[in-house]
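Chemist: Below is a structure I'd like to ask you about.
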Amino acid sequence: MKLPATTSKLLALQEATNAELRARLAEIFQRYRKLAFVGRNDNLFTEHWTPEIAAAGYDFDGFEIKGANIVLHGVENACGFIYRINIALPLELIDDAKAIEAYFQRQIDENKAEPELATATSRTIDPTAM
């Protein structure tokens, strides 16, 4: 890779690179931000929202690399409050859209399976037999 000869051109390159990186990560965040709410199963939440609706107001705010993961941050300003959410994925998947899709789909499936497992388990245990 040939870097620019002047510092000003190097700064311009950094600015362009950061803008492109933020745009790409924002696309991933917008597509999968509902995952921040998929695990919610409390009554108040489920009576009023779905994960898609709850996440709709959040915009991409930044990212950080934590070990082998990249964490995408989102923010929503509502009624004078600032709300934040995060979604994370393995950094090794960042260049493979299909792998990212599969990773997040597994998370959705796992979160759906947990309540089903709890319901199935509660049906098999007879509390009166104890």
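The values are calculated or read from the model by the stated rules, or taken from the named source; none is laboratory data. None of the values given here were measured: they were computed from a predicted structure. Heads up: the accessible areas ignore ligands, DNA and RNA and are worked out on the full protein's heavy atoms, side chains in. Shrake-Rupley method; radii C 1.70, N 1.55, O 1.52, S 1.80 Å.
Chemist: Accessible area per residue of the range 1-115 at 1.4 Å probe, in Å²?
Modeler: On a per-residue basis, the range 1-115 sits at 70 Å².
Chemist: Taking the chain as the reference, fit the longest principal axis to its C-alpha atoms, fit the long axis of helix 97-124 to the helix C-alpha atoms, and give the angle between the two in degrees, 0 to 90, nearest 10.
Modeler: That helix lies at roughly 20 degrees to the long axis.
Chemist: Also, quick follow-up: Residue by residue, what Karplus-based ³J(HN,Hα) values in Hz, rounded to whole numbers, does the range 78-85 have, using 6.51, -1.76 and 1.60 with θ = phi - 60° and x for Gly and Pro?
Modeler: After applying 6.51 cos²θ - 1.76 cosθ + 1.60, I find 8, 6, x, 10, 10, 10, 10, 9 Hz.
Chemist: Also, I was wondering about something else. Could you please put ASP59, ASP42 in sequence from largest to smallest accessible area, using a 1.4 Å probe?
Modeler: ASP59, ASP42
Chemist: Something else: Could you sort out which of LYS34/LYS66; LYS2/LYS98; LYS34/LYS98; LYS2/LYS66 sit more than 25 Å apart by Cα distance in this structure?
Modeler: The pairs that break the limit, which is 25 Å between Cα atoms, are LYS2/LYS98; LYS2/LYS66.
Chemist: So what J values fall out for the range 35-52 if you push phi through Karplus, 6.51 cos²θ - 1.76 cosθ + 1.60 with θ = phi - 60°, rounded to Hz, Gly and Pro as x?
Modeler: For the range 35-52, the Karplus curve yields 5, 5, 10, 4, x, 6, 9, 6, 4, 4, 5, 5, 6, 10, 9, 10, x, 5 Hz.
Chemist: Under 5 Å between amide H atoms, partner at least 5 residues away or on a different chain: which partners does ILE70 have, H built in plane at 1.01 Å?
Modeler: Here the answer is LEU89, LEU91, since their amide H atoms fall under 5 Å of that of ILE70.
Chemist: Sticking with this one: Work out how much length THR6 to ALA19 would gain on full extension: take 0.36 nm times their residue separation and subtract the Cα-Cα distance, in nm to one decimal.
Modeler: The span from THR6 to ALA19 would gain 2.7 nm if fully extended.
Chemist: Please give the solvent-accessible surface of GLU20 in Å², to the nearest 10, using a probe radius of 1.4 Å with every protein chain present.
Modeler: 90 Å²
Chemist: Whole-Hz ³J(HN,Hα) for each residue in the range 55-64, computed from phi via Karplus 6.51 cos²θ - 1.76 cosθ + 1.60 with θ = phi - 60°, x for glycine and proline: what do you get?
Modeler: These are the phi-based 3J(HN,Hα) values: 8, 4, x, 8, 10, 4, 10, x, 8, 8 Hz.
Chemist: Name the shape class, rounded, prolate or oblate, that the alpha-carbon gyration tensor gives for the range 6-56, where a ≥ b ≥ c are the square roots of its eigenvalues, rounded holds for a/c under 1.5, and otherwise prolate holds if a/b is larger than b/c and oblate otherwise.
Modeler: Since a/c reaches 1.5 and a/b is larger than b/c, the shape of the range 6-56 is classed as prolate.
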